[in-house]
Amino acid sequence: MKGILFLLIFIVTLSSGYTQNVGYGIVPINMSIKKESAGIAQTIMDLNQRFPQAWIREYISVDLTVTQDGKMLKSRGENEALSEDQQQLLRHCKSGDLIKVSVHYYPDNNLPKEIKELAFTVTVVPDVPAAFPGGEVALRKYLQTNIMEPLAKLVDDNLHEVRIAFQISRDGSVSDVRMVKNSYSEEANSFLVSAMKKMPDWSPALNKEGSPAPDQYQF
């Protein structure tokens with residue numbers, strides 16, 4: 001598994017011949033940054049390489065907010081270079097923290113001066129992500145056998161997209177399983193949550209120091 005958050009989208013369909021086909025895939029979601037990289041960031045671009053800096057003629061303010069353990073820690077800077085206070089916040093980030101950057105600026109165009117805003121959020125992930133026993137191939141096989149095939153018996157010919165969030169705890173166990181996007185079938189929703197909770201323990205994520213850290217995913 002790569003060092004980013006993943007979304008496994010369950011797409012369930014029935015063909016006109018009533019032969020059930022169940023499809024799913026793994027795609028990246030949400031911008032993320034490793035704990036070590038967040039701790040050494042000095043500019044907005046270090047947090048988000050796709051930040052459209054060319055749009056900005058003049059910075060007004062740069063607000064950085066770290067959400068950690070339910071608390072919001074804020075600091076304001078002046079431009080693309082993060083202030084010392086902002087860098088200090090980033091150095092104390094933990095896996096699972098959310099970093100939001102909100103930039104107020106004047107755009108680089110010939111229109112009358114009008115304040116614009118750009119904002120993005122990144123999630124702090126461990127330096128070494130959690131791993132399913134046997135790797136990604138084994139994970140896909142497990143999902144196909146234990147989730148996708150039984151799920152096919154619970155749905156009709158409508159198209160569904162189902163999302164489930166969960167966490168791999170420091171001890172490698174699966175925890176905090178919850179539906180992010182429900183299917184129309186309560187039976188299917190209940191089955192998915194129950195099945196995800198029964199997954200075997202993973203190898204836990206690790207920080208740079210080698211200590212276990214929680215890792216969050218969406219399937």
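All of the numbers you see were taken from the coordinates with simple rules; none came from a lab. What you see is a predicted model; the values in this text were computed from it and never measured. Here the Cβ positions follow ideal geometry from the backbone for every residue, glycine too, while neighbour counts run over all protein chains shown.
Give the distance, in whole Å, between the Cα centre of the stretch 165-219 and the Cα centre of the stretch 39-112.
30 Å
Taking the stretch 73-219 on its own, what percent of its Cα-Cα pair distances exceed 28 Å?
Within the stretch 73-219, distances greater than 28 Å cover 43 percent of Cα pairs.
Note down the net charge around residue 99, summing +1 for each Lys or Arg and -1 for each Asp or Glu among other residues with Cβ under 13 Å from its Cβ.
+3
With only alpha-carbon pairs counted, each pair once and no self-pairs, how large is the Kirkwood hydrodynamic radius of the stretch 32-125 in angstroms?
That comes to 13.4 Å for the stretch 32-125.
With each label point set 7 Å from Cα along the Cα-Cβ vector, what nm distance links residue 88 and residue 171?
3.7 nm
Please give the net charge around residue 191, taking every other residue with its beta carbon less than 13 angstrom from that of residue 191, where Lys and Arg add +1 and Asp and Glu add -1.
Neighbourhood net charge equals 0.
Under a 5 Å amide H to amide H cut-off, with H placed in plane at 1.01 Å, what residues pair with residue 61 once short-range neighbours are removed?
104
First select every other residue whose beta carbon is under 12 angstrom from the beta carbon of residue 77; then total the charges, Lys and Arg +1, Asp and Glu -1.
In short, -3.
Considering only DSSP states other than H, G, I, E and B, which chymotrypsin sites (Phe, Trp or Tyr not before Pro) in the stretch 153-205 qualify as loop sites with at most 16 other Cβ atoms within 10 Å?
Those satisfying the criteria are 184.
Using only alpha carbon pairs under 8 Å that are at least six residues apart, calculate the relative contact order of the stretch 66-219 and give it in whole percent.
Over the stretch 66-219, the number comes to 22 percent.
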